[in-house]
Structures are given as C-alpha cells and as structure tokens.
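The values are calculated or read from the model by the stated rules, or taken from the named source; none is laboratory data. Worth saying up front: this structure is predicted, and the values here are computed from it rather than measured. Every residue, glycine as well, gets a Cβ built from its backbone with ideal geometry; the counts of neighbours run over all protein chains shown.
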Amino acid sequence: MHSPRILLAAVCAAAPLGAQWGPISTTGAPTERKGALMSYDLFANRMLMFGGNWTNEFWSLQNGTWTLLQPGTVPSARVDSALATDTLNGTVLLYGGNDGNRLASDETWLWNGTSWTLLAPTLTPGGFAKHAMAFDITRQRTVLFGGVHDLWAPQNLSAATYEFDGTNWNAASPIQVPSAREYAAMAFHPGLAEIVMFGGNNGTNVSSDETWTFDGTDWTLVTSVLPHPSARSGAGLITVLNRANCVLFGGYDATTLQISNETWTFDGANWSQVTNVYGGIYPARRDFAIAHDLQRDRVVAFGGVIANNSLQNDTWEYGAQFQRFGSGCVGTAGTPSLTGLALPQLGTTCSAQLSNLAPAASLALVAVGLSRTQWSLGSLPTLLTTFGMPGCRGYTSADVFTVIGANGGSATWSWNVPLLPAFLGQAFHLQGLSIDPAANAAGLTVSNAATIVVGI
C-alpha cells in the first residue's frame, strides 16, 4: 500500500489536464438527432435546445430531466441555422437555416426567456445557412460570418460579416477578411472581449485550421508557434465566462471525413489541448448541440453524428465527474453501494456515501487507486475469491486505503481537493469495503466502484 504522499507525487508527475467529459444519466431524452442548437438560460437555470433532424422541437434540460417545451409560437423546422445567446440578459437570437427547399431562410427570431418572436428588421443579410454566429457581450451585438445563400449553388459561399444591433442587421466593412467558409465555429472570448472564429470549410471539402478574432472593426488572424487544433469543420466553440476562455470540441475534416474527439481551450493567444484520457465524448461525433452551464460551470453536449453516420441522443458534460461502474457483492445488510455527494472540484471538499453496510460496523474502508485496469497482482477487475470474498470483485488499484467512521449502516468519505492545477483532470478510482464478519471468511464485502475526475 502506498502512502498519500506517494500518490500525490504520482499525480503531479502524470500528464496534466486529463479530459473531464462524462456521460450523464437523464430522463425523457429527445430522440437521436444532429444539428440541434443549444443555449443556456441563466434566469431559469436550464439548458435550452432547438431543432435538429428537420424538427422545430424546443427542449429544456434541468436537473437531469429533458422536457419538451410548447410555447405558443416556435420557429419553423430547419437545418444549418445558427443561434447566439446573450447569457447575461437571457435572450437567444436565431437566424437563417435551410428552409427545406434548399434556399436559405431570412428569418430572425428572438427568445426572450418565455416566448419566441419573429422580428422584422428592415435590413437583413438576405438569408444564410451553414453560417457562424455569436453574441459580443461587450458591444451588445450579434456577429454573423460566412455561410451560403442558396444551397443549390456552392459558389454562393460568403465572406461577409454582419452585425445585429437589436433592430437591424448591418453589413460590417473590415479591412482584413477571412476567406469565405461554411460550418465555422464561433464564440465570444471573455478574456479578449472579442469574437473568436475557428475552422470551417471552403465549400469544396477543404477544412481550415485558422483562428480569427473580430473586435467590431477588423478581423485579425491569430498566429502562434504553439500547437493548435487541426483543420476541421462543424466543431463546437463555447464561451466559458467563469474562466475567461473558450472551449472547442469535436468537428471533422471535410476531406477525410475523420471525426475529431479532441478538446482544446483558447486563452486568447494560444491553444492548449486537453488530454483525452478516456476518449472524450465516446464515440467521437460531429453536428452535436453544445453550450455552457454558467451556474454549474459545465459544458453540456447532446447527440450528434458518429463515424458510421448513426445519430446519438446521449447527454455529456465537461467538468468534475463522479461516474459509477461495476457492482458490489451481497453482505448481511444487502449490497454495499457507493454514490456521489459533492463533485471533485479544485479547492472544495469532494464526498461520497457508502450505504448498506453491516449495521453494527463502526468503521468502513475506501480503496483509492490511480488505475482501474491494473493493480499490483495483475489485471482489473479481478475476483476476490482467493482473498476469502467469493462473488466479490476488485475494481481499483487500491494505492491508498482510507478508514472512515460508520453509523447505522452508512458512512461518508470525503477529500479536500487541493487547489493545485496539477490535479485538474486527474482521475481516481474508488471502491468501498464493508466490515462484515458474518458475510464471508474475510469478513469484508465491497461496493460498486466509481471514477472521479477533478474539475473546476
């Protein structure tokens, strides 16, 4: 058994910034879809999702429950539209999209927190699909770039920049202009107080790896000698106000059709890849819905298309994680269960509860390990029959055993997560042990296991 100091040293020596993506169990999920649009409703503390798969369904996600909303008026069904969210004022602007006749819609819709309204601006871009949009919080403008007017004619690909001021769409006149593109990713960067745009393709299946910023007057091409995301289209680029940066996930190479499973952050000057220890969102996907939950500081993603063109309807979150796996073995009070209480966030106290312990026990154990595939005696999971625990399985490398007090068949494990960047994204694997003399020769039974991933 290793000491906590050795375990800490192993963490600090490990690769930094492990991925913090994890699947989330929800109820009432929408059907499988691609191309849905997602935003965060700060005032109601919920995620909102519009469309996907030629529908005009309008959904909310709150406390793990998906609900189909039915306001009196909803934008018509469409694909390849875009939305921009003013998180602080609680409004969402939806513009354009393919109207079903392969002509780009010129409609501008506003969600005010309770209802959709079709606006009637005097000046408009003339209709776009496959364009990029984002809301500039500093200047209180929605910025639109690129896209196509008529899907029958790819040569209509645009390099124009438009801004919506709340009344009209106005054509901007930047001196430096990115090349025409579709399916670019765009977001407001709170650190720069400017719009950031990444990637997209030129309409002939050639993707870009360019990063551009727009300050309201001109576009600037960001150059850096450091690594950056590879060329891709259809990625998700999300504003993270809490951390004054942007997070980019997924997308695909329009030439090879290879779908990316990478997560990157952009600090305003350089990109940093977040190592996908467990593969990010699995399977890798494109055309998913994605937005940032400001209150919980978690990026939420839904659905999308995977490599075999199958559609998904799973929900994922990027942030601190508590993921149960495996199963326990029966003791005198049933099967011990390990469930999460407080998530492992930097500088806070993470906790989990052990229940269904032997009622008379005053102590319990929690094994904490750095691996869920190998331990000192071989591969995991492993049967513990040779240790006098028939029917029980070990799931963690058990580098540290923590003794915790038990009372009335339950116990609480806690850990003060250090406020150290080296821990961000690191994964630990837990399994509880119930002291139960009547259960078997070892006098121990085990719970299910859980992987915790440290986040902000």
Being at positive phi and either surrounded by fewer than 19 Cβ atoms within 10 Å (Cβ to Cβ) or not assigned by TED's automatic domain parsing to the domain that holds residue 274 (or both) narrows 398, 427, 342 down to just 398
Scanning region 258-312 for residues that are at pLDDT below 90, outside any loop (DSSP other than H, G, I, E, B) and crowded, with 17+ Cβ neighbours inside 10 Å gives 274, 298
Condition set under 15 Å from residue 366 (Cβ atoms) and among the aliphatic types (A, V, I, L, M), scope region 433-456, selection surrounded by the fewest Cβ atoms within 10 Å (Cβ to Cβ): answer is 435
Of 192, 226, the only residue that is in a loop (DSSP other than H, G, I, E, B), over 20 Å from residue 39 (Cβ atoms) and either touching a Gly at 6+ places or on another chain (Cβ under 6 Å) or not assigned by TED's automatic domain parsing to the domain that holds residue 259 (or both) is 192
Residues in region 135-142: is at least one among the hydrophobic types (A, V, I, L, M, F, W, C), in a loop (DSSP other than H, G, I, E, B) and either farther than 22 Å from residue 274 by Cβ or modelled with pLDDT of 95 or more (or both)? yes
Looking across region 13-34 at residues that are modelled with pLDDT of 95 or more and small (Gly, Ala, Ser), the single one that is nearest to residue 312 (Cα to Cα) is 29
Region 374-456: strands (runs of 3 or more DSSP E) wholly inside it with 3 or more residues that are among the hydroxyl-bearing types (Ser, Thr, Tyr) and at pLDDT below 95 are none
Requiring at least 2 residues that are buried (at least 20 other Cβ atoms within 10 Å of the Cβ), of a type outside the set (Val, Ile, Thr) and assigned by TED's automatic domain parsing to the domain that holds residue 131, the strands (runs of 3 or more DSSP E) wholly within region 62-106 are 82-86, 91-95
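Does region 245-254 contain any residue that is buried (at least 22 other Cβ atoms within 10 Å of the Cβ) and on the phi > 0 side of the Ramachandran plot?
Yes: one or more hits.
Looking at 311, 365, can you tell me which residue is in contact with a strand residue (DSSP E or B) (Cβ under 8 Å, 6 or more places away or on another chain), among the aliphatic types (A, V, I, L, M) and not assigned by TED's automatic domain parsing to the domain that holds residue 33?
None of the other options fit; the residue is 365.
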Log entry, pairs with first residue in region 437-456 being more than 30 Å from residue 346 (Cα to Cα), second being among the polar types (S, T, N, Q) and in a loop (DSSP other than H, G, I, E, B), beta carbons closer than 8 Å, six or more apart or on different chains, reads 445/335
message: Among the residues of region 228-240, are any surrounded by fewer than 20 Cβ atoms within 10 Å (Cβ to Cβ), within 20 Å of residue 291 (Cβ to Cβ) and at pLDDT below 95?
response: no
Picked from region 345-358 (must be crowded, with 18+ Cβ neighbours inside 10 Å and of a type in the set (A, V, I, L, M)), the residue farthest from residue 426 (Cα to Cα) is 358
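For region 340-367, give me each residue that is part of a strand (DSSP E or B), of a type in the set (Ser, Thr, Tyr) and touching a residue at least 60 places away in the same chain (Cβ under 8 Å).
Taking region 340-367 first, the residues part of a strand (DSSP E or B) are 340-342, 345, 349-355, 363-367.
Checking which are of a type in the set (Ser, Thr, Tyr) leaves us with 349, 351, 355.
Across region 340-367, the qualifying residues are 349, 351.
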